[in-house]
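Enquirer: Provided herewith is a single structure, encoded as C-alpha cells, for subsequent inquiry.
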Amino acid sequence: MTYSVVIIEDELEVAQLIAQYLLLPNGVAGNQTARQSLRQGQYQVVGIAANLSTATALLQAIEPDLILLDIHLPDGNGLELLTDLRRRSIKSEVMLLTAAKEVETLEKAMQLGACDFLVKPLMLNRLDQALARFESRQQCLSDANEVTQSMVDTLFGSNEQSKAPVRLPKGVDQLTLKKIIDAFKEHKKTPFTAQQMGDLVGVSRSTARRYLEYLLEAEQVSADQSYGSIGRPERCYKMA
C-alpha cells in the first residue's frame with residue numbers, strides 16, 4: 001500500500017530531510033544498500049508547503065493520507081490549519097512537528113485529533129515509530145469489516161502497550177527488533193533462517209539469530225528445523 005503525504009514545514013532543510021527519509025529511509029542515514037528499508041516505496045510525497053497560505057491552497061486541492069505539519073509558520077499557526085481541516089471533515093491523519101514546548105499546545109493538538117506530536121530537533125528513529133503506528137492504523141482500518149476489541153486496541157495503542165517489554169535484554173535494541181518484526185509482517189507465510197533474515201534487514205547472521213531467539217522466547221515467532229543440501233540442520237523462524 002502506498003500512502004500520500006504532504007509536508008508543511010518552513011525550514012527547507014527539514015522538509016527535504018523528511019521527504020528523503022520517506023522515500024529512502026536508510027539512505028538518509030548513509031547506509032543505503034540494495035535491501036534498504038522494508039518501508040521504501042510506501043510513501044509518495046505529493047506536496048510541500050513552507051507557509052500557511054500555500055498549505056491551505058494545497059489542501060483545498062488534495063486530501064493526502066498523512067500530513068506532517070509544523071506549528072510555527074511564517075504567516076500563521078499550524079493549529080489554525082488543523083482546526084480548519086477538522087471543520088471540513090478532512091480525514092487525513094496529522095502529525096505535528098514543532099519546537100514548541102508549551103503543554104497548552106500539546107493539549108490543543110490532542111483535542112484536534114493529531115495522531116502524533118514530534119518535538120524538534122526531529123529524531124528519525126522517533127519519526128520511524130510514528131510512521132509504524134500510522135501504518136498499523138491504516139492497515140487495521142482497511143482490513144476490518146466490523147469493529148472488534150482487537151481492532152480498537154490497535155487503533156488506540158492498547159496492543160502496543162500490552163505487548164511492549166518493560167526492558168529489552170542486553171544486545172536487543174528496539175529499532176532492529178522492529179525491522180525484523182516488520183519483515184515477518186511483510187512476508188507472513190515465509191519462514192526465514194537467521195542468514196536470510198540478516199540479509200533482508202541488513203544485519204549479520206549472528207545478530208539476526210539473537211533477535212529471532214528473543215522473539216521465539218516471547219512467543220511471537222515459531223521455529224522448525226530445516227535441513228540444507230549438506231544435511232546440516234538449521235532453524236527456520238516463522239511468525240506465530
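Enquirer: If Thr190 meets every condition in (1) under 20 Å from Asn125 (Cβ atoms); (2) open to solvent by 40 Å² or more (accessible area, probe 1.4 Å); (3) at pLDDT 90 or above apart from one, which number is that one?
Expert: Among (1) under 20 Å from Asn125 (Cβ atoms); (2) open to solvent by 40 Å² or more (accessible area, probe 1.4 Å); (3) at pLDDT 90 or above, Thr190 violates only (1).
Enquirer: Cβ-Cβ distance below 6 Å, separation of 6 or more or different chains: which pairs start in segment 1-20 with a residue that is within 10 Å of Ala50 (Cβ to Cβ) and end on one that is open to solvent by 90 Å² or more (accessible area, probe 1.4 Å)?
Expert: Asp10/Pro74
Enquirer: Here's a follow-up. Report every pair of residues separated by at least 6 positions or lying on different chains whose Cβ atoms are under 6 Å apart, first residue within segment 211-240 and closer than 18 Å to Lys178 by Cβ and among the aromatic types (Phe, Trp, Tyr), second open to solvent by 40 Å² or more (accessible area, probe 1.4 Å) and modelled with pLDDT of 90 or more.
Expert: Tyr237/Ala223
Enquirer: A further question follows. Quick check on this structure: which one of Leu124, Leu73, Leu97, Leu106 is touching a residue at least 40 places away in the same chain (Cβ under 8 Å) and more than 29 Å from Met1 (Cβ to Cβ)?
Expert: That would be Leu73, the only listed residue that is touching a residue at least 40 places away in the same chain (Cβ under 8 Å) and more than 29 Å from Met1 (Cβ to Cβ).
Enquirer: Could you figure out which of (1) within 22 Å of the chain's Cα centre (by Cα); (2) open to solvent by 70 Å² or more (accessible area, probe 1.4 Å) isn't true of Leu215?
Expert: Result: Leu215 passes all but (2).
Enquirer: Hey, another quick one. Of all the residues that make up segment 50-81, how many are within 19 Å of Pro121 (Cα to Cα) and either part of a strand (DSSP E or B) or small (Gly, Ala, Ser) (or both)?
Expert: Here the count works out to 9.
Enquirer: Please state which of the following conditions Pro121 fails to meet, knowing it meets all the rest: (1) modelled with pLDDT of 85 or more; (2) part of a helix (DSSP H, G or I); (3) open to solvent by 40 Å² or more (accessible area, probe 1.4 Å).
Expert: That leaves (2) as the condition not met.
Enquirer: Still on this structure: Out of Arg35, Arg86, I need the residue that is in contact with a Gly (Cβ under 7 Å, 6 or more places away or on another chain), modelled with pLDDT under 95, open to solvent by 60 Å² or more (accessible area, probe 1.4 Å) and not in a helix (DSSP H, G or I). Which one? Break it down into steps so the answer makes sense when it comes.
Expert: On the way: Arg86 fails: not in a helix (DSSP H, G or I).
Every option except Arg35 fails the conditions.
The values are calculated or read from the model by the stated rules, or taken from the named source; none is laboratory data. Bear in mind the structure is a predicted one, so any value in this text is a computation, not a measurement. Glycine gets a Cβ as well: all are built from the backbone with ideal geometry, and neighbour counts include every protein chain shown. All accessible areas refer to the heavy atoms of the entire protein, side chains included, with ligands and DNA or RNA removed. Shrake-Rupley method; radii C 1.70, N 1.55, O 1.52, S 1.80 Å.
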